[in-house]
Amino acid sequence: AWGFDPPHQSDTRTIYIANRFPQHGHYVPQKFADNRIISSKYTVWNFVPKNLFEQFRRVANFYFLIIFLVQLMIDTPTSPITSGLPLFFVITVTAIKQGYEDWLRHKADNEVNGAPVYVVRSGGLVKTRSKNIRVGDIVRVAKDETFPVDLVLLSSDRVEGSCHVTTASLDGETNLKVGIVNVCKSLVQTRSEI
């Protein structure tokens, strides 16, 4: 009521399963986030300014920067090199360490985003990359595979229609959680009957 909501935005979202959009009628394409995982902090273009900003937010680094600048402007009994050289060394070593760690994150992101997955498109099973999964895609996940995206269980090849999922990479718990297909089917049927 205060005018904070963007105009022309609905409170509901319509997801078309297997991306089968309506042939006739008014169809408004909806924007959803893509499935890429980005855990890195830096890019090639923003590494130096962002890294320097983060390092000088630390009180100790900022203190030594101020001392160095004061020594440059005012005639002091000590040389500016005595505070500037250690500061430069610490900033450089920390930047190299953080740059290497971020490079490893980029490699891990590319590995996860490029992982092959099977998706139902145009009536058939198509091999694609994890980063190309879209909202509404039906994804086939085999035994002992990592889920490439948040999923709703629609089918299982087990007799009781269940699956066992571990969430150790999310919350550290190693016990298996049970997913049951019948609950998901009833949710889908209820929604399709409305």
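Observations, loosely collected:
- Computed E for A108/V70 - FRET, C-beta separation, R0 41 angstrom, nearest 0.05: 0.45
- T166-L85 FRET efficiency (beta carbon distance; Förster radius 41 Å; 0.05 resolution): 0.20
- At 1.002 mPa s and 20 °C, Stokes D of the range 57-104 from Kirkwood alpha-carbon radius, µm² per second: 182 µm²/s
- Cα-centre dipole for the range 27-162 with unit charges at Cβ (Lys and Arg positive, Asp and Glu negative), debye to 20: 320 debye
Each reported figure results from applying straightforward, stated rules to the coordinates on display, with no laboratory input. These figures come from a predicted structure and were not determined experimentally. As a convention, Cβ positions derive from the backbone with ideal geometry for all residues, glycine included, and neighbour counts pool all protein chains shown.
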